[in-house]
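A.B. asks: For reference, the structure I am asking about is given below.
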Amino acid sequence: MQETTAEANGTKLRILEGGEGAPVLFLHGAGGVAWYPLLELLAQKHRVIVPEHPGFGRSQIPEWMMTVGDLAFFYLDLLKVLDLQDVHLVGHSLGGWTAAEIAIRDTARLKTVSLLAPAGVASPEVPFGDIFLWSPEEHARHSFFDKKLVEARLKYLAALDIDVTLQNRAASARLAWNPRLRNPQLPYWLHRIDKPTLFVWGKEDEICPLACAAPFMKPIEGATLEVLSETGHGIHSERPEKVAALLETHFARISETSRASLPP
C-alpha cells in the first residue's frame, strides 16, 4: 500500500492505493480511512483506490460539503481527474450510501456497484443505531458480533490521534446528523442505478440493520443480496475473506458476461 494525494475541483484529499489490475474504488465509513484486511485481499488482483473523504482525518471540512449528495458529485469529479473507467465501486456504511448516491447520478465510469451494509435508506420497522449518541466504546461494541474484534477496535482507537477521531465524528455529523444516517429522497432515485449491484450485509448488524436491505434493494433492477450470519456491521473487518470472495465473484461474473456479449 502506498499513500498519494489528488485534487478535484479545488479540494485535495489523501488516497491509499495498492495492487494492479481493474480499478476498485472503495469508499470508507464514518470511522475513517484505513487499509483494511479486505483491501489487502482485493489488491491481490485489482488496483484498489481508497480515498479519505474530504473533511475526514486531518483535513478541514470544505464549505461545499453539506450532504452525501455533495460528496457523490465530488467523487464523480475525482473519477474524471483520475481518468478511471470500468470501475468496481465498493462502499461500506456511510461509504455505501455515498456509492449509491454516485450511481443514481452517473454510472458512465462504473462497471459494478457493491454496497456493504450501507446507510442511506431506512427500515420502517427497525431504526438505525444512533452512532452520534454513543461513546467510541459503545460504537465499537455495536460494530461487531465477534467480541474479540471489539477489544481490537478499542485498542486501535486508543492509539489514534484524538484530533483525527473528533474530526471524523464532526465530518460524519455534517453529512448524516439530520435526518440520521439516511436520505429520504434516495429511494425515489435508486431505479436509476443501471449497473450490476450487490449488497452484502451482516445478519447481526446493530448500526445499519438488515431490515434496511429490502427497501434499499427493491428499486434496483437485478440487485442481489448476500447475508453473513454471526456478523455485525464491520463486515469488512469481521469477515474479510468471505466478503472478498463475494466481491470477486460479482466482479468476475460481470466480466464474463461482458466478454460473452462481444461479437465474434
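A.B. asks: Once a ≥ b ≥ c are taken as the square roots of the eigenvalues of the Cα gyration tensor of region 2-260, is the result rounded (a/c under 1.5), prolate (a/b larger than b/c) or oblate (a/b not larger than b/c)?
C.D. replies: It comes out rounded by the Cα gyration axes.
A.B. asks: Quick one: which of 68-79, 107-118, 91-102 comes out on top by average Cβ neighbours within 10 Å, and what's the full order, highest first?
C.D. replies: 91-102, 107-118, 68-79
A.B. asks: Then there's this: Using unit Cβ charges (K, R positive; D, E negative) and no other charged atoms, how large, in debye to the nearest 20, is the dipole of region 64-203 about its Cα centre?
C.D. replies: 240
A.B. asks: Of all beta bridges DSSP finds with both residues in the chain, what is the antiparallel percent, to the nearest 5?
C.D. replies: Antiparallel bridges: around 30 percent, rounded to the nearest 5.
A.B. asks: With the cut-off at 1.5 for a/c, could you classify region 78-147 from its C-alpha gyration tensor as rounded, prolate or oblate?
C.D. replies: prolate
A.B. asks: Also: Beyond 21 Å, what share of the Cα-Cα pairs of region 110-182 remains, rounded to the nearest whole percent?
C.D. replies: Value for region 110-182 (Cα pairs over 21 Å): 38 percent.
A.B. asks: Along the Cα→Cβ direction, 7 angstrom out, place labels at GLU138 and VAL164. What is the inter-label distance in nm?
C.D. replies: Taking the two extended label points, one gets 2.5 nm.
A.B. asks: Could you tell me which of PHE132, LEU166, THR98 has its Cα farthest along the dipole of the chain towards the positive end, charges placed at Cβ (Lys, Arg +1; Asp, Glu -1), taken about the Cα centre?
C.D. replies: THR98
A.B. asks: Same structure again: Under 1.5 on a/c is rounded, so check that first for region 1-82, then, if it is not, pick prolate when a/b is larger than b/c and oblate when it is not; a ≥ b ≥ c are the square roots of the alpha carbon gyration tensor eigenvalues.
C.D. replies: It is prolate, given that a/c is not under 1.5 and a/b is the larger ratio.
A.B. asks: Next question, about the same structure. Quick one: 3J(HN,Hα) in Hz for region 202-214, Karplus 6.51/-1.76/1.60 with θ = phi - 60°, rounded, Gly and Pro as x.
C.D. replies: The phi angles translate into x, 4, 9, 4, 9, 10, 10, x, 4, 4, 6, 4, 4 Hz.
A.B. asks: Taking 0.36 nm per residue of sequence separation and subtracting the Cα-Cα distance, how much length would be gained by fully extending the chain between LYS218 and ALA252, in nm to one decimal?
C.D. replies: Gain on extension, LYS218 to ALA252, equals 9.9 nm.
A.B. asks: Quick check on my link table: of LYS45/LYS80; LYS111/LYS147; LYS155/LYS218; LYS80/LYS155; LYS148/LYS195, which ones sit more than 31 Å apart, alpha carbon to alpha carbon?
C.D. replies: Where the Cα-Cα span goes over 31 Å, the pairs concerned are LYS111/LYS147; LYS155/LYS218; LYS80/LYS155; LYS148/LYS195.
A.B. asks: Suppose every Lys and Arg Cβ carries +1 and every Asp and Glu Cβ carries -1, with no other charges. What dipole size does region 147-227 come out with about its Cα centre, to the nearest 20 debye?
C.D. replies: So the magnitude is around 140 debye.
A.B. asks: Convert each backbone phi in region 236-253 into a coupling constant with the Karplus relation 6.51 cos²θ - 1.76 cosθ + 1.60 (shift: θ = phi - 60°), then list the ³J(HN,Hα) values in order as whole Hz, x for Gly and Pro.
C.D. replies: Calculated HN-Hα couplings, in order: 5, 9, 7, 10, x, 5, 5, 5, 4, 5, 5, 5, 4, 5, 4, 4, 5, 4 Hz.
A.B. asks: Enumerate the amide H contacts of ARG14 below 5 Å, restricted to partners 5 or more residues apart or on another chain; note that Pro and chain-start residues carry no placed amide H.
C.D. replies: GLU52
A.B. asks: With the contact rule set at Cα under 8 Å and sequence spacing of 6 or more, what percent relative contact order holds for region 2-260?
C.D. replies: 21
A.B. asks: Which of LEU246, SER143, PRO187 sits closest to the plus end of the dipole of region 111-264, meaning its Cα is farthest towards the positive end, when Lys and Arg get +1 and Asp and Glu get -1 on the C-beta?
C.D. replies: Value computed over the given set: PRO187.
A.B. asks: In nm, to one decimal, how far is the THR4 label point from the ALA152 one, both placed 7 Å along Cα→Cβ?
C.D. replies: 2.9
A.B. asks: Also, quick follow-up: For every helix of n ≥ 4 consecutive DSSP H residues, a contribution of -39,500 (n - 2.57) applies; sum these over the chain, divide by its total residues, and give [θ] at 222 nm rounded to the nearest 500 deg cm²/dmol.
C.D. replies: Result for the chain: -11500 deg cm²/dmol, rounded to the nearest 500.
A.B. asks: Would you mind pulling out the separation of the Cα centroids of region 100-141 and region 72-87, in Å?
C.D. replies: With region 100-141 and region 72-87 each reduced to a Cα centre, they are spaced 20 Å.
A.B. asks: Can you give the charge dipole size of region 2-260 about its Cα centre, rounded to the nearest 20 debye, using +1 on the beta carbon of Lys and Arg and -1 on the beta carbon of Asp and Glu?
C.D. replies: The dipole magnitude comes to about 240 debye.
We did not get these values from a lab; they are worked out from the coordinates using the rules stated. Keep in mind that what you see is a predicted model, and the values were worked out from it rather than measured. Reconstructed Cβ throughout: ideal geometry from the backbone, glycine too, with neighbour counts over all protein chains shown.
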